[in-house]
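Take a look at the structure below.
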Amino acid sequence: MGTVTLGVSIAVPEPYGSLLQERRAGFGDPAAHGIPTHVTLVPPTEADPERLPAIEAHLAEVAAAARPFPMRLSGTGTFRPLSPVVFVRLAEGTSACSWLQERARDASGPLVRELQFPYHPHVTVAHGISEEAMDRAYAELADFEAAWTCASFALYEQGPDGVWRKLRVYEFGAGPTAPAVPAQSSPVDEPAPTQA
C-alpha cells in the first residue's frame with residue numbers, strides 16, 4: 001500500500017478565499033485551482049493511510065486545546081530570491097498560527113516532521129511563475145486587506161490529480177491550555193522562506 005500526501009491548514013474564508021484564488025490563477029499560477037486559499041500549518045507530508053485515525057485523533061486534541069483568535073491579512077511580501085513565492089502577509093494571528101503548527105508537528109505525535117525553512121505563516125498568491133508575473137502579484141495585491149475570526153483548521157489530502165481536498169474540519173475548543181493570543185501580533189517583515 002502506498003502513502004497519502006496530507007496537509008493541515010487554515011482556510012481563508014469567503015469572499016476572500018475565492019478572490020485570492022482567482023487572482024492567483026490570473027497571475028498565471030497553474031496550481032491555483034488545485035489549492036484552496038490557506039495558511040499552512042503542516043506542509044505536504046507523506047503518511048501511511050493506516051496512520052490516518054491516529055493523525056485525526058492528534059489533530060482533534062490540538063484543536064480542542066485552542067480557542068478562536070483574530071486573523072488579519074494586510075499587503076504583500078515575498079521569499080525571493082530564496083524561494084519563488086509572493087504572498088499576502090499576516091498582520092494579526094501569527095502567534096496563534098505558530099502555536100498551532102508547533103503542536104500539530106509535535107515530536108510525540110504522528111505528524112512529526114522537519115521544516116525546510118523556519119515557519120512563517122502567510123497566504124501564497126504566486127509560486128514558481130515568471131518574475132514579471134510575481135512582480136505583478138506583489139504590486140497588485142499590495143493594498144489587500146481581510147480580517148476574520150479563525151475558529152478551526154482542516155486536514156487535506158492531495159489527490160493523484162494534484163488537487164487538495166478537505167478530509168475533516170477541526171473546530172477549536174476552549175480548553176485550559178489554549179494559547180494566549182495577543183490582542184495584536186506584530187507584522188512579520190523579515191523574509192523567512194517556507195513551503196507554499
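The values are calculated or read from the model by the stated rules, or taken from the named source; none is laboratory data. Just so you know, these numbers come straight off a predicted model, no measurement behind them. Neighbour counts run over all protein chains shown; Cβ positions are idealised from the backbone, glycine included.
Determine, yes or no, whether E14 is in contact (Cβ under 8 Å) with a residue 12 or more places away in the chain and either touching a Phe, Trp or Tyr at 6+ places or on another chain (Cβ under 6 Å) or among the charged types (D, E, K, R) (or both). Spell out the reasoning first.
On the way: in contact (Cβ under 8 Å) with a residue 12 or more places away in the chain: no; either touching a Phe, Trp or Tyr at 6+ places or on another chain (Cβ under 6 Å) or among the charged types (D, E, K, R) (or both): yes.
Against the criterion (in contact (Cβ under 8 Å) with a residue 12 or more places away in the chain and either touching a Phe, Trp or Tyr at 6+ places or on another chain (Cβ under 6 Å) or among the charged types (D, E, K, R) (or both)), E14 does not qualify.
Could you list all residues from segment 25-51 that are in contact with a Pro (Cβ under 7 Å, 6 or more places away or on another chain) and modelled with pLDDT of 95 or more? Break it down into steps so the answer makes sense when it comes.
Residues of segment 25-51 that are in contact with a Pro (Cβ under 7 Å, 6 or more places away or on another chain), as a first pass: 39, 51.
Within segment 25-51, V39 is the sole residue that qualifies.
Could you name every one of the helices (runs of 4 or more DSSP H) located completely within segment 43-160 that has at least 1 residues being aromatic (F, W, Y)? Spell out the reasoning first.
Values: elements: 52-64, 94-104, 131-140.
The helices (runs of 4 or more DSSP H) meeting that bar are 94-104, 131-140.
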- Query: Name the residues in segment 174-192 that are at pLDDT 50 or above and surrounded by 16 or more Cβ atoms within 10 Å (Cβ to Cβ), would you?
  - Reply: none
- Query: For segment 29-74, how many residues are touching a residue at least 60 places away in the same chain (Cβ under 8 Å) and of a type in the set (D, E, K, R)?
  - Reply: 4
- Task: State all residues of segment 8-42 that are assigned to a strand (DSSP E or B), buried (at least 20 other Cβ atoms within 10 Å of the Cβ) and not polar (S, T, N, Q); if no residue qualifies, say none.
- Result: V8, I10, H38, V39, L41, V42
- Message: Taking the conditions exactly as written (hydroxyl-bearing (S, T, Y), surrounded by fewer than 21 Cβ atoms within 10 Å (Cβ to Cβ) and either touching a Phe, Trp or Tyr at 6+ places or on another chain (Cβ under 6 Å) or part of a strand (DSSP E or B) (or both)), does T5 satisfy them or not?
- Response: yes
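Return the only residue of L111, L141 being over 22 Å from P13 (Cβ atoms), buried (at least 20 other Cβ atoms within 10 Å of the Cβ) and touching a helix residue (DSSP H, G or I) at 6+ places or on another chain (Cβ under 9 Å). Step through it out loud before you land on a result.
On the way: L141 fails: over 22 Å from P13 (Cβ atoms).
Answer to the check: L111.
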- Item | Single match in R72, R67 (criterion: charged (D, E, K, R), closer than 17 Å to C97 by Cβ and within 17 Å of the chain's Cα centre (by Cα)) | R72
